[in-house]
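Enquirer: Got a structure here, written out as structure tokens. Questions coming.
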Amino acid sequence: MDKFPSIYRIERSIEADTDEIFRMYGWATSVQRLEGAVLWPEFKRGLIKKEIEEGRQWKLIIDNKIACIWATTFNDPFIWREKDEDPALYLHRIATRPTFRGNKLVSKIVEWAVQFAETHHKIFIRLDTVGKNEKLVAHYQNCGFTYLGLSQLGYKAQLPAHYHHAKVNLFQIDLRKRTRCREEGMLADLD
């Protein structure tokens with residue numbers, strides 16, 4: 001696919017999507033393996049079921065196919081520590097169907113996330129990625145995130161295994177800056 005279709009929709013995932021979500025995690029892990037990145041662990045079905053029940057698992061649909069998935073939360077204290085007190089939307093486990101890679105789907109997620117965060121009175125959109133992956137760091141920066149640097153994590157039983165004692169790249173979008181730039185007519189400089 002060489003051009004992003006003009007018609008797509010974003011919806012909350014439902015229980016019937018669970019197998020497809022795990023298939024997409026498998027594809028993402030295959031890409032991580034090929035690129036020599038830190039591999040996602042095998043996530044527990046109970047985690048995904050809980051996220052779906054809580055309305056925190058999302059899908060971007062193109063041509064009636066799930067093209068991309070991700071999860072959201074409003075708290076992430078084990079990774080963001082004291083910054084977790086800030087009003088923020090956190091994005092996790094973005095995974096794209098292989099046939100839709102290269103279509104700037106993360107940019108579409110960011111567009112959605114800006115509206116979703118503003119609706120919920122959040123001023124930051126944040127995400128993280130484990131390990132040294134310069135290509136992914138650049139990709140997230142190209143999607144409007146500011147790279148905040150690496151943070152060393154210790155062991156936290158509450159986190160998935162790939163986070164244990166890991167270095168984590170932290171990213172955020174400050175919606176206050178976007179608002180100022182929009183008011184000053186400079187939003188194009190941020191996108």
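Coordinate-derived values only; no laboratory data. None of the values given here were measured: they were computed from a predicted structure. Note that we place each Cβ from the backbone using ideal geometry, even for glycine, and neighbour counts take in every protein chain shown.
Enquirer: Kirkwood Rh, the chain, all Cα pairs: how many Å?
Expert: Working: mean 1/r = 0.0578 Å⁻¹.
Computed over Cα pairs of the chain, the Kirkwood hydrodynamic radius comes out at 17.3 Å.
Enquirer: Give the order of Arg23, Arg126, Arg176 when sorted by the count of other beta carbons within 10 angstrom, beginning with the fewest.
Expert: On the way: Arg23 14, Arg126 26, Arg176 10.
Arranged by neighbour count, lowest to highest, Arg23, Arg126, Arg176 become Arg176, Arg23, Arg126.
Enquirer: Treating cross-link reach as a plain straight distance, find the lysines whose alpha-carbon is under 28 Å from the alpha-carbon of Lys108, omitting any fewer than eight places away in the same chain.
Expert: List returned: Lys3, Lys44, Lys49, Lys50, Lys59, Lys65, Lys83, Lys122, Lys132, Lys135, Lys167, Lys177.
Enquirer: Which GluC sites (Glu not before Pro) in the stretch 51-83 sit in a loop by DSSP (not H, G, I, E or B) and have at most 12 other Cβ atoms within 10 Å of their own Cβ?
Expert: Values: sites: Glu51, Glu53, Glu54, Glu82; in loops: Glu54.
Qualifying residues, ordered by number: Glu54.
Enquirer: Percent antiparallel among DSSP beta bridges with both residues in the stretch 39-161, to the nearest 5?
Expert: Values: 11 of 15 bridges.
Looking only at bridges with both residues in the stretch 39-161, the antiparallel portion is about 75 percent.
Enquirer: While we're here: Extension gain Ala161-Ser30, at 0.36 nm per residue separation less the Cα-Cα distance, in nm?
Expert: Fully extending the segment from Ala161 to Ser30 adds 45.4 nm.
Enquirer: Show me the trypsin sites (Lys or Arg not before Pro) within the stretch 42-85 that DSSP assigns to loop and that have at most 10 other Cβ atoms within 10 Å of their Cβ.
Expert: Details: sites: Lys44, Arg45, Lys49, Lys50, Arg56, Lys59, Lys65, Arg81, Lys83; in loops: Lys44, Arg56.
Passing both the DSSP loop test and the Cβ count: Lys44.
Enquirer: Mind giving me the nanometre distance, one decimal, between the label points for His120 and His139, set 7 Å out from Cα along Cα→Cβ?
Expert: Going from the His120 label point to the His139 one covers 2.3 nm.
Enquirer: Among the helices of the chain (complete DSSP H runs), which have Cα atoms covering no less than 20 Å along the helix axis and a Kyte-Doolittle mean of at least -0.5? All intermediate terms of the calculation are to be shown ahead of the outcome.
Expert: Values: long enough: 18-34 (24 Å, -0.31); 105-119 (21 Å, 0.70).
Once both thresholds are applied, what remains is 18-34, 105-119.
Enquirer: Also, I was wondering about something else. Test of understanding: what is the full-extension gain from Leu148 to Thr99, defined as 0.36 nm times their sequence separation minus their Cα-Cα distance?
Expert: Working: separation 49, 0.36 × 49 = 17.64 nm, distance 3.09 nm.
Length gained, Leu148 through Thr99: 14.6 nm.
Enquirer: Per-residue HN-Hα couplings for the stretch 93-99, Karplus 6.51 cos²θ - 1.76 cosθ + 1.60 at θ = phi - 60°, whole Hz, x for Gly and Pro?
Expert: Values, residue by residue: 6, 6, 9, 10, 4, x, 5 Hz.
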